[in-house]
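Notes for the one structure printed next.
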């Protein structure tokens, strides 16, 4: 039987998900990392980006991570303590387009400096969510 990873993603608000996976790929402050069963224990800081994992059925799923920490223990358990996170399947494309437009409008109006940083962050978040939405849940390429 193939060894699997246990991936647990927790945000400040809730436990987002706990799944078993064959592999997990995410962005750390050191760069992108892919974790397979038997990985060396590790504690690292995560940057904003996509977390992708392949489940037991070879389906790839995507989660947008907005910073946090990753801990990998010796028993193949990955714990992601995310500042904020959203699954690609939970992203509403209509709301995403509206948020993108509002952020872009705020960025055009330089007189509203107080809102500028907030709009810039919202736009970054929107782009990441759009990227995750395009990936969604899909079968992995066959190895044949």
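Label reach from residue 45 (point 7 Å along Cα→C-beta): in the range 13-30, amide nitrogens under 14 Å belong to 28-30. When you count the other C-beta atoms within 10 angstrom of each residue and take the mean per peptide, 37-47, 119-129, 59-69 line up highest first as 59-69, 119-129, 37-47. Between residue 92 and residue 13, what's the calculated FRET efficiency when r is the beta-carbon distance and R0 is 30 Å? Round to 0.05. E(calc), rounded to 0.05, equals 0.95. Overall size of the chain from C-alpha positions, given as principal axis extents largest first: 60, 32, 26 Å. Calculated FRET efficiency, residue 59 to residue 29, Cβ-Cβ distance, R0 = 22 Å: about 0.20 to the nearest 0.05. How many angstrom lie between the Cα centre of the range 14-38 and the Cα centre of the range 49-119? So the two Cα centres are separated by 14 Å. Note on residue 135 and residue 2: the extension gain reaches 45.3 nm, defined as 0.36 nm multiplied by sequence separation minus the Cα-Cα distance. Take every Cα pair under 8 Å whose residues are at least 6 apart in sequence, average their separation, divide by the length of the range 1-101, and the relative contact order is 27 percent.
Every number here is computed from the coordinates shown, using simple stated rules; none is lab data. Note that the structure is a prediction, hence the values are computed from the model and not measured. Here Cβ is always computed from backbone atoms with ideal geometry, including for glycine, and neighbour counts include all displayed protein chains.
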